[in-house]
Amino acid sequence: MRGIATWSVRGAAGLLTVVGLGHTLWNGIVEPGTALAFGALITLGEFARRDQRAGHHVEGADRQPAPLGSAGALAYALLGQNAGQPTHHGVLQIVAVVVAAALAGIVPHVARGRGPAVDHVARRVLTVAFAAVCFQPLYNSGRLGDWVGQGPYLVVFLLCLLGLTALCDAVLAAALAGARTGWPYGPLLRDELRAQLGIGSAICATGVVMALGAAVAGLWALPVFCVPLLLTQMSFHRITAIRTTYRQTISSLARATEIAGYTPPGHSRRVAALSCAVGRELGLSERELTVLEYAALMHDIGQLSLLDPVPAGATAELPAAEARRIAELGGEVARQTGVPAEVAVVVERQADPYREQPVAARIVRAVNAYDDLAGRSRHPGGSLAALERLRLGTGHDYEPGVVECLARVLARGGRDRVVPVPPG
C-alpha cells in the first residue's frame, strides 16, 4: 500500500506534466511575457533552494526548501489580471511553465549532486494544479467575477482557496512521508498541518499578494513582493543552520562516554535513532521528537562521573538505586550544557519506574535496555531474547505499550535497518 501511494502521486504528477507540456508546445504559449516573468521568478526560487542533508533530524527543515519558487508558482496559478487586463493562460500552461522553470532552476543543484527529491517536485505540480483548477476555470468563464467581484470578497475567496491548497499539500506530503518511512499517517499529517502555519503560510500569503499586485501594477510588482519572502527564507535557513550545529554539538558531547570507554561505540546514536523511530510510531510531535533525540543522545552522560566504568556501559542491569544515581548525575550535567530543561528532565528520570516517567523517558529507558541486552548477544536470537527480557519487566520497569511499539518497529525494519543518527 505504501508503494502504491508513492507511485500514484508520482504517476499523477508525471501524467499531468506530460499533458501540460504537450498541450503548450502544440498550441503555443499564451501571453509569453507573463509566462516568462513568472517562469524566471520560479527559476530564481529554485536557484535559492537549500536542501538538507539526508539523515538530519531538524524540525521542519526540509518541507519547503524553495519557498520563493513555490510562491511564484502559486501566484501564477492565481493570476487573473495583469495591470488591469484579463489573462487567458489555462491550467495546462500553468503546469507546463511551473515544471519547465523548476527544471531549469534545479540544473545547478543536480550538477552538484544535490538535486531535489522527486516527491518534492510531484507535490509542487499537484498542489499548483489543484489551485489552478479551482481558480482559472471560474475566472476565465466570468463566473468568479459575477459571484465575488473584484473587491474584498475576492480576497476572502482566495484565502479560502489557499486553505484548501495548503490542506492538499499537507495530505500529499504526509502520504509520501508515510510511504517512505512507514510512520503512522495521523501524526505525519498533524506535523505537516502545523508546518503550514510557519513557512507555508508565508508562501501562501506571498503568492496571493503577488497575484493581486500584478493584477493592479503589472509584472513590476513581482520583484517588489518577492523581497520579503527572500529575507524570510534567509532567516529560516540561518535558524536551520543553528539548529543543525546545536544538534551536532550535543551528538559530539554524547560521544564523550564512548571516547572515555564508558559505553560501546555507537551506543548513543543507536539508542537515539531507535528512540525516534519508536516516538514516531507512538505519534509524538516533531518538537517532542527533538527533545527525545537530544535526551537519547545524552542518556549515558552521567557515567562520566563514575570512578569505575559499568561493564560494557550496560546500565540496564544495574541495581535501581545505582541506575537512578547515574541518571540524576546525567540530568545535572545536561542542565550545565544549556540544553532545554525538558531534555535534562528526561535524562534525569530515565531510571524511575515507568508510571512516574514522562513518555520520552519511558522510550529512552526501554530502548537503552534493549540495546544493552541485544548488544551482549552475538547469536541471531539476541534481539528476540532482549525483547523477551523487556516484556518480563513490564510490570515495573518498562511500559508495555512502549515495549510492544519497539517490537513493531524492529519487526518492520529490523535493528540494522533503523537509520542511524549521524555523528556530530
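For the reader, a short list of remarks on this structure follows.
- Of all residues in the stretch 350-365, those satisfying the criterion of being under 14 Å from residue 402 (Cβ atoms) and either modelled with pLDDT of 90 or more or small (Gly, Ala, Ser) (or both) are 358, 359, 360, 361, 362, 363, 364, 365.
- Residue match in the stretch 145-153 (condition: touching a residue at least 12 places away in the same chain (Cβ under 8 Å) and either of a type outside the set (Ser, Thr, Tyr) or within 21 Å of residue 102 (Cα to Cα) (or both)): no
- Just one of the listed residues (205, 195, 179) is under 30 Å from residue 347 (Cα atoms) and out of contact with any Pro (no Cβ under 8 Å at 6 or more places or on another chain), and it is 195.
- Some residue of the stretch 105-119 being under 14 Å from residue 29 (Cβ atoms), outside any helix (DSSP H, G or I) and not small (Gly, Ala, Ser): no
- Pairs with Cβ under 7 Å, 6+ apart, first in the stretch 105-130 and among the β-branched types (Val, Ile, Thr) and at pLDDT below 85, second in a helix (DSSP H, G or I) and open to solvent by 50 Å² or more (accessible area, probe 1.4 Å): 118/10
- Some residue of the stretch 123-143 being small (Gly, Ala, Ser) and either surrounded by fewer than 18 Cβ atoms within 10 Å (Cβ to Cβ) or more than 20 Å from residue 164 (Cα to Cα) (or both): yes
- Residue pairs meeting the criteria (Cβ under 6 Å; at least 6 apart or on separate chains; first farther than 19 Å from residue 174 by Cα, in the stretch 6-26; second polar (S, T, N, Q) and open to solvent by less than 50 Å² (accessible area, probe 1.4 Å)): 24/93
- Sole residue being more than 17 Å from the chain's Cα centre (by Cα), surrounded by fewer than 21 Cβ atoms within 10 Å (Cβ to Cβ) and more than 26 Å from residue 366 (Cα to Cα), chosen from 261, 218, 207, 266: 218
- Yes/no for residue 181 being surrounded by 17 or more Cβ atoms within 10 Å (Cβ to Cβ), among the polar types (S, T, N, Q) and under 21 Å from the mean Cα position of the chain (by Cα): no
- Looking across the stretch 333-343, the residues that are touching a residue at least 24 places away in the same chain (Cβ under 8 Å) and part of a helix (DSSP H, G or I) come down to 333, 334, 342, 343.
- Residues of the stretch 184-191 include none that is surrounded by fewer than 15 Cβ atoms within 10 Å (Cβ to Cβ) and at pLDDT 85 or above.
- The lone exception for residue 389 - which of (1) open to solvent by 60 Å² or more (accessible area, probe 1.4 Å); (2) outside any helix (DSSP H, G or I) it fails: (2)
- Here 199, 239, 203, 259 are screened, and the one residue that is among the β-branched types (Val, Ile, Thr) and in contact with a Leu (Cβ under 8 Å, 6 or more places away or on another chain) is 203.
- Residues of the stretch 327-345 that are among the β-branched types (Val, Ile, Thr) and either closer than 14 Å to residue 402 by Cα or open to solvent by less than 10 Å² (accessible area, probe 1.4 Å) (or both): 343 alone.
Yes/no matrix, rows are residues, columns are (1) surrounded by fewer than 18 Cβ atoms within 10 Å (Cβ to Cβ); (2) of a type in the set (A, V, I, L, M, F, W, C); (3) modelled with pLDDT under 80; (4) in a helix (DSSP H, G or I):
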| position | (1), (2), (3), (4) |
| --- | --- |
| 7 | yes, yes, no, yes |
| 14 | yes, no, no, yes |
| 19 | yes, yes, no, yes |
| 26 | yes, yes, no, yes |
| 34 | no, no, no, yes |
| 44 | no, yes, no, yes |
| 55 | yes, no, yes, no |
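- Test result for residue 228, closer than 23 Å to residue 371 by Cα, surrounded by fewer than 20 Cβ atoms within 10 Å (Cβ to Cβ) and at pLDDT below 85: no
The values are calculated or read from the model by the stated rules, or taken from the named source; none is laboratory data. Note that the structure is a prediction, hence the values are computed from the model and not measured. FYI the Cβ positions are ideal-geometry reconstructions off the backbone, even for glycines, and counts take in every protein chain you see. The area values use the complete protein model at the heavy-atom level, side chains included, leaving out ligands, DNA and RNA. Shrake-Rupley method; radii C 1.70, N 1.55, O 1.52, S 1.80 Å.
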